[in-house]
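Below you'll find the structure, written out as structure tokens, and then a few comments.
The values are calculated or read from the model by the stated rules, or taken from the named source; none is laboratory data. Being a predicted model, the structure only gives us computed values, none of them experimental. Every residue, glycine among them, receives a Cβ derived from its backbone with ideal geometry; neighbour counts consider all protein chains shown. Surface areas here come from the heavy atoms of the whole protein model, side chains and all, with no ligands, DNA or RNA. Shrake-Rupley method; radii C 1.70, N 1.55, O 1.52, S 1.80 Å.
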Number of protein chains: 2
Amino acid sequence: MKAPIDFHFDFSSPYGYLASHKIEALAAKYGRSVTWRPMLLGAAFKATGSGPLPSIPLKGDYAKRDFLRSARFHGIPFRIPDPFPVSTVSACRAFYGSPEDKRVPLAKALFRAYFVDNVNIGEASQVLKLCNSLGLRPEIDSQTVKDKTRAEVDAALAKGVFGSPYIVVDGEPFWGVDRFDQIERWLKEQF
Amino acid sequence: MKAPIDFHFDFSSPYGYLASHKIEALAAKYGRSVTWRPMLLGAAFKATGSGPLPSIPLKGDYAKRDFLRSARFHGIPFRIPDPFPVSTVSACRAFYGSPEDKRVPLAKALFRAYFVDNVNIGEASQVLKLCNSLGLRPEIDSQTVKDKTRAEVDAALAKGVFGSPYIVVDGEPFWGVDRFDQIERWLKEQF
């Protein structure tokens, strides 16, 4: 059995959302599974001295256009949520505080809520409402869940994760939904 | 006749170099010509608060790996030059100080010198040597050439160019050699 693909992302990242629509089919084509690993881009921005795209002069305006065009290009339903971006601490804690077999469906529901239905997943109450609708009751205020989330985010930073999506195949890192062609080549022939 | 494609780049940009190998074939396929527009990324970085990739923690190490892998992916000869990056003011002035019909061959020679032969095109003497080998004698120290170069760089910044390559098709901007698939879709059907 080949090692799973590590899929790092932030729930507030449009490119992470687009990647979430494509990663499983690509992995399955090459006999791989996917380990979903939400992280907090804000923590990575501290390391790289960067910030959310919309806050950057010139690049911010381009980014909004590119989000929309990239979604059309891939045929994925998408809108720029308002507010954007938001803190995804609660979403992350809900993910890591849920049973392992429920995490991926929850992640997909969180992404859809934010980028399709414009639900503010930056608010803990909205995250919990969504969890409830899936029959989940993660204890996002418990120290255990907080510590677990922090440990996962720290582990990602220690691995060098600085953006979203950040996908690792057998130790080889790929940043961006625009690296899927290179990921596929790597899965095929480790070029 | 359809409008030319604007190809903005910095001579010190690996992704700009990769794009220089691909842009003309793509444009020709859709009956377009290409206007090559070297600019100075340093000026754009001042606007966006960014800096050269190698100087950015985490992202810098990833970038080097991605330069090499992207070159392999596209089958384009490439090495990371030393020093990297360099100032491309002299290269830019040589370009804008040369006759229009000699500029594209000069640009290709500058890119090849830097990214294949490891010639330090940050040095004016190296740039002029290369120009001489092509029968060109641009007056890179003349005020006229300096002013012309500055006007071109300022015009790019005013258009919102913040990275390299930055390609504009009929007003639609695309940043990165990893947007060639979207550029092609745009040329085909303005999706």
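Summary table
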read-out	value
Dipole magnitude (debye, nearest 20) for the protein assembly as shown, charges at Cβ of Lys, Arg, Asp, Glu	380
Shortest-first nm distances, A:ASP117 label point to equivalent points in other copies (7 Å, Cα→Cβ)	6.2
Dipole magnitude of chain B about its Cα centre (Cβ charges: Lys, Arg +1; Asp, Glu -1), debye to nearest 20	260
Of all accessible heavy-atom area on the protein assembly as shown, the percent that carbon and sulfur account for (1.4 Å)	51
Net length gained if the chain between B:ALA28 and B:LEU134 were fully extended (0.36 nm per residue, minus Cα distance)	35.6 nm
Sites B:GLU189 and A:ARG65, calculated FRET efficiency, Cβ-Cβ separation with R0 22 Å, nearest 0.05	0.80
Inter-copy label distances at B:GLN143 (7 Å, Cα→Cβ; nm, one decimal)	7.3
1.4 Å probe, heavy atoms, protein only - residues of segment B:161-191 losing at least 40 Å² accessible area vs chain alone	B:PHE162, B:GLU172, B:PRO173, B:TRP175, B:ASP178, B:ARG179, B:GLN182, B:ARG185, B:PHE191
Summed buried accessible surface, chains B and A, 1.4 Å probe, nearest 100 Å²	3100
Inter-part distance where segment A:1-63 and segment A:160-185 are each reduced to a Cα centre, Å	8
Stretch gain in nm, segment B:THR48-B:ASP147, where the contour uses 0.36 nm per residue and the Cα spacing is subtracted	33.3 nm
Segment A:52-162 - charge dipole about Cα centre, Lys and Arg +1 at Cβ, Asp and Glu -1, debye rounded to 20	340
Chain B, relative contact order [Cα under 8 Å, separation at least 6], %	31
Chain A, closest residue to the rotation axis toward B, by beta-carbon, whole angstrom	A:ASP178, 2
Relative contact order for segment A:15-97, counting Cα pairs under 8 Å that sit 6 or more residues apart, in percent	29
Surface accessible to a 1.4 Å probe, per residue, for the residues of the protein assembly as shown, Å²	44
Most mobile of A:ILE80, A:ILE121, A:ILE140 in a GNM of chain A (Cα contacts under 10 Å)	A:ILE80
Cα gyration tensor shape for segment B:69-191, rounded if a/c is under 1.5, else prolate or oblate	oblate
Antiparallel %, DSSP beta bridges [both residues in chain A], to 5	60
Farthest positive-ward along the protein assembly as shown dipole, Cα basis, beta-carbon charges - from A:SER55, A:SER70, B:ALA155	A:SER70
Calculated label separations, A:ASP82, copies of the chain, 7 Å along the beta-carbon direction, nm	5.4
